[in-house]
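Enquirer: Structure below; questions to follow.
The values are calculated or read from the model by the stated rules, or taken from the named source; none is laboratory data. Computed from a predicted model, the values in this text were never measured in an experiment. Every residue, glycine among them, receives a Cβ derived from its backbone with ideal geometry; neighbour counts consider all protein chains shown. Surface accessibility is based on the protein's heavy atoms, side chains included, excluding ligands, DNA and RNA. Shrake-Rupley method; radii C 1.70, N 1.55, O 1.52, S 1.80 Å.
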Amino acid sequence: MKIALTVWNGRVAPVFDVSGQLLILETVEGQIINETAVDFPQKSLAEKVLFLQTIGIGQLICGAISCQAQALSENSGIKVYAFIAGDCREVTNAWLDNKLERGGFAMPGCGKRR
């Protein structure tokens, strides 16, 4: 499975729609087998989602995301973990342990939105 995190300064980027970097993780049986940092195209939301589809992303972890971008992603078969904040390593470990949605990583003021 491939998962993407929007990244800014080693943390989950605060806003998907304008994020410019991705951390791509490839996992097999709960273990990371490959990790790659890539530039995220600064294009329209539809083109950003198409880029995620093209590189085979199945899940996306991001900060705030517009309703349009989230709908485009989900309609493309990408599971979205939105309104996530924190250090990328800590967030990744929580995702690997199936604890990402249990709290502690919700953006301030966004806890009720998920």
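Enquirer: If I ask for residues that are in contact (Cβ under 8 Å) with a residue 24 or more places away in the chain and either open to solvent by less than 70 Å² (accessible area, probe 1.4 Å) or in a loop (DSSP other than H, G, I, E, B) (or both), which ones from the stretch 1-12 would you list?
Expert: Met1, Lys2, Ile3, Ala4, Leu5, Thr6, Val7, Gly10, Val12
Enquirer: How many of the residues in the stretch 57-84 are open to solvent by 10 Å² or more (accessible area, probe 1.4 Å), over 11 Å from Pro14 (Cα atoms), in a strand (DSSP E or B) and out of contact with any Gly (no Cβ under 8 Å at 6 or more places or on another chain)?
Expert: 3
Enquirer: What's the total number of residues in the stretch 57-68 that are touching a residue at least 24 places away in the same chain (Cβ under 8 Å) and more than 20 Å from Cys88 (Cβ to Cβ)?
Expert: 1
Enquirer: May I pose another question? Quick one: in the stretch 13-52, which of the residues that are outside any strand (DSSP E or B) and either closer than 11 Å to Lys2 by Cβ or acidic (Asp, Glu) (or both) is most open to solvent (accessible area, probe 1.4 Å)?
Expert: Glu29
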